[in-house]
Amino acid sequence: MELLLQLLVAGVWTLALVNSLRRLVRLARVSHLQRWDSNIRVRSGLNRIWWWLGREEFWHPARYDVAYALQISLLVFLFVWHMAN
C-alpha cells in the first residue's frame, strides 16, 4: 500500500514535469531539430529554450501544474495520516 501511494505521488510530479517540459519545447519551437550535426541549429534552439525560461508566459501555466501536484501530494498525505490514526 505504501509503495502504491509513493508511486502515485511520484507519478503526479513526473506528469507535472513532463507537461512543463512539453510546453517549453512547444513554445521554443525546437521540435524540428532533426539534424544534430548542425551545431548552430542546436545552439539556437537551446538559446530559445533559455529565453523562454525567463518569460512569464511559460511560468504562469507551470505554476498551475505545480499547484495541482502539491494538492494531490497533500491529499495523499492526509489520506495516509487518517489511515494511520
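For the chain, averaging the sequence separation of C-alpha pairs within contact (under 8 Å, six or more residues apart) and dividing by the residue count gives a relative contact order of 40 percent. Dividing the summed -39500 (n - 2.57) terms of all DSSP H runs of n ≥ 4 by the residue count of the chain sets its mean residue ellipticity at 222 nm at -29500 deg cm²/dmol. Go through PRO61, ALA16, LEU4 and say which Cα lies farthest out towards the positive end of the charge dipole of the chain; charges sit on Cβ, +1 for Lys and Arg, -1 for Asp and Glu. Sorting the options by dipole projection puts first PRO61.
Percent of accessible area on segment 1-84 owned by carbon and sulfur, 1.4 Å probe? Accessible surface attributable to carbon and sulfur in segment 1-84 totals 68 percent.
Would you work out the charge dipole size for segment 1-84 about its Cα centre, treating the Cβ of every Lys and Arg as +1 and the Cβ of every Asp and Glu as -1, and quote it to the nearest 20 debye?
Values: 10 positive and 5 negative charges, 118 e Å.
It comes to approximately 560 debye.
The values are calculated or read from the model by the stated rules, or taken from the named source; none is laboratory data. Because the structure is a prediction, the values reported are computed rather than measured. Virtual Cβ from ideal backbone geometry, glycine too; neighbours counted across all protein chains shown. Surface accessibility is based on the protein's heavy atoms, side chains included, excluding ligands, DNA and RNA. Shrake-Rupley method; radii C 1.70, N 1.55, O 1.52, S 1.80 Å.
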